[in-house]
Amino acid sequence: AAMPGLLLGDEAPNFEADTTQGRIRFHDFLGDSWGILFSHPRDFTPVCTTELGRAAKLAPEFSKRNVKMIALSIDSVQDHLSWCKVQGWGEVQEQLALLPCSRGQRRSPCRTGHRLGTMCLKSQSTEVLKFRAVFIFGPDKKLKLSILYPATTGRNFDEILRVVDSLQLTAYKKVATPVDWKPGDSVMVVPTLPDEEAKKLFPKGVFTKDLPSGKKYLRYTPQP
Ligand code: BEZ
């Protein structure tokens, strides 16, 4: 039977696994950091190589945001290490751990990956994972975001960084980010905050956009 998926707000499974950084327990690996767990179909495949290359290049950006990255596929730690070596990703090892998922093993990260995305167990009987998953966890180990792509569509790491910025901003301030928001753009006051409190909380001002309905619920403030 398919395992139930992990929903936003659920705690990350605390799996134990061998990685390119040695044996980890996921919660200890995360520590007080934010974390991104992303799965890829297979090492040494073209789209995956471009993705891991970009992840490695962006390691300083993730580090600045206190985000640890961990990538997952069905390949062995030895394969992961060889792949990192030939691609020259060695220097980013500290921030980009790769772990294998062994099929059939209870609580293995592979099963966790499936569980996280409510993915079909059918994928587990193939040599290649048929999806690319992105899971972002907060320092409280709770799932904050998940995105699922098919194997044939490479992910957009600019978008991943953008959502990290939004998740971190909205975790600590009473704001939400509007469509196509980028860091530095104005943000929106959350609908549950009364006008009087919003004025006090956002000294740079709260600006309401006119709507055909005349209602004043589009409340913007400069990014705090
Ligand atoms: C790739 O990473 O290039 C890839 C992997 C599995 C299916 C299709 C593409």
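Some observations on this one:
- If you go through the range 144-166 and keep only what is of a type in the set (A, V, I, L, M, F, W, C) and open to solvent by 40 Å² or more (accessible area, probe 1.4 Å), you end up with Ile147, Leu148.
- The one condition in (1) farther than 21 Å from Tyr149 by Cα; (2) modelled with pLDDT of 90 or more that Phe15 fails to fulfil: (2)
- Candidate set from the range 12-23 (those that are out of contact with any strand residue (DSSP E or B) (no Cβ under 6 Å at 6 or more places or on another chain) and part of a strand (DSSP E or B)); member that is most open to solvent (accessible area, probe 1.4 Å): Arg23
- Condition met for Asp32 (part of a helix (DSSP H, G or I), more than 19 Å from Ile160 (Cα to Cα), more than 16 Å from the ligand (Cβ to nearest atom) and modelled with pLDDT of 90 or more): no
- Unique match (being under 19 Å from Arg132 (Cα atoms) and touching a residue at least 24 places away in the same chain (Cβ under 8 Å)) among Pro41, Pro46: Pro41
- Output for the range 35-82, where each listed residue is over 19 Å from the mean Cα position of the chain (by Cα), within 10 Å of the ligand (Cβ to nearest atom) and in a helix (DSSP H, G or I): Pro46
- Test: residue in the range 89-105 that is of a type outside the set (Ser, Thr, Tyr) and at pLDDT 80 or above: yes
- Number of the condition not met by Lys141 [criteria: (1) open to solvent by less than 30 Å² (accessible area, probe 1.4 Å); (2) at pLDDT 95 or above]: (1)
Here's the yes/no breakdown for (1) over 30 Å from Pro46 (Cα atoms); (2) acidic (Asp, Glu); (3) touching a residue at least 40 places away in the same chain (Cβ under 8 Å):
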site	(1), (2), (3)
Ser146	no, no, yes
Thr152	no, no, yes
Arg155	no, no, yes
Val163	no, no, no
Val187	yes, no, no
Leu193	yes, no, no
Phe207	yes, no, no
Arg219	yes, no, no
Pro222	yes, no, no
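- Of all the residues in the range 180-200, those that are in contact with a Lys or Arg (Cβ under 7 Å, 6 or more places away or on another chain) and closer than 23 Å to Val164 by Cβ number 4.
- Picking from residues in the range 170-193 that are open to solvent by less than 50 Å² (accessible area, probe 1.4 Å) and in a loop (DSSP other than H, G, I, E, B), the one that is farthest from Arg219 (Cα to Cα) is Trp181.
The values are calculated or read from the model by the stated rules, or taken from the named source; none is laboratory data. None of these values were measured; they are calculated from a predicted model. Glycine also receives a Cβ, built like all others from the backbone with ideal geometry; neighbour counts cover every protein chain displayed. Keep in mind that these areas ignore ligands, DNA and RNA; they rest on the heavy atoms of the full protein, side chains included. Shrake-Rupley method; radii C 1.70, N 1.55, O 1.52, S 1.80 Å.
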